[in-house]
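Remarks on the structure that follows.
Derivation of every value follows stated rules applied to the coordinates shown; laboratory data play no part. Everything quoted here is computed from the prediction, not taken from an experiment. Methodologically, a virtual Cβ is constructed for each residue, glycine included, from the backbone with ideal geometry; neighbour enumeration extends over all protein chains shown.
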C-alpha cells in the first residue's frame, strides 16, 4: 500500500517538473500524462487517487491549460474527487463552480482572495499559488518578500510547486539573497521521490 502511495506522489511530482521545466525539458503533454496517472492511481487507504493531482487536473481543465480543452464539467468532476478527500481549495472551487456556473477566479483579484483564504487554512497548493500572485502582482501588490514567505510555507509542507519556486528564487536571488546551495536543495527536493529520480536521470 505504501508503495502505491509513493508511486502516486512520484507521478505528481514528475508532472510538476514537466509543467515547470525544472530538471527536464518543459513538456505539456508529458505533464498532463503523469498528472492523470497520479490522479487516477489508487492511493491508500481510500484508493481514490492523489487529491492534489485531482485538484490540479481540474484547475487545468477549468483554465484550458497544458493542452487540455476548457471544460467546466470535467473540471467539476476532478474538483469533486479531490474535495471528497478533504481538499479545501477543491471544495471552494467546486462550490463556486456550482453556484455561479463558472469559475469565479478568472479575475486575478478574486483568484488572489481565494488563494489567501485557503492558504491561511494551511493548504500548500494555495500557498504556492498565492506566492506566485505576490511575485507577479496578480490581484495583489507585487511583493517578492511576501512571495518567498508563501513559497516557503508550501515548500515546508512538501509541495513541489513551492519547492521549485523557492529554489528558483534562491537561484535568481529574487526576494531573497542568492544562494546556489539552497537553490539546489529545494529544486532537488521537488523531484526527490525515488521514482522521479530514476526517470529524470537524477539531474543535479
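Points to keep in mind about this one:
- One decimal place: the segment residue 109-residue 143 gains 10.7 nm when fully extended, by the rule 0.36 nm per residue minus the C-alpha distance.
- Placing a label point 7 Å from the Cα of residue 95 along the Cα-to-Cβ direction, the residues of segment 112-131 with a backbone N closer than 12 Å are 114, 117-118.
- In segment 48-171, Cα pairs under 8 Å separated by at least six residues give a relative contact order of 15 percent.
- Burial ordering of 59, 50, fewest other beta-carbon atoms within 10 Å first: 59, 50
- Label-point separation, residue 27 to residue 74 (7 Å along Cα→Cβ), nm: 2.0 nm
- Additional length obtainable on full extension of the chain from residue 157 to residue 5, 0.36 nm per residue less Cα span: 53.0 nm
- Stretching residue 180 away from residue 136 to a fully extended chain increases their span by 13.6 nm, per 0.36 nm per residue minus the current alpha-carbon distance.
- From most to least packed by mean Cβ count within 10 Å, the peptides 113-120, 128-135, 87-94, 143-150 give 128-135, 87-94, 113-120, 143-150.
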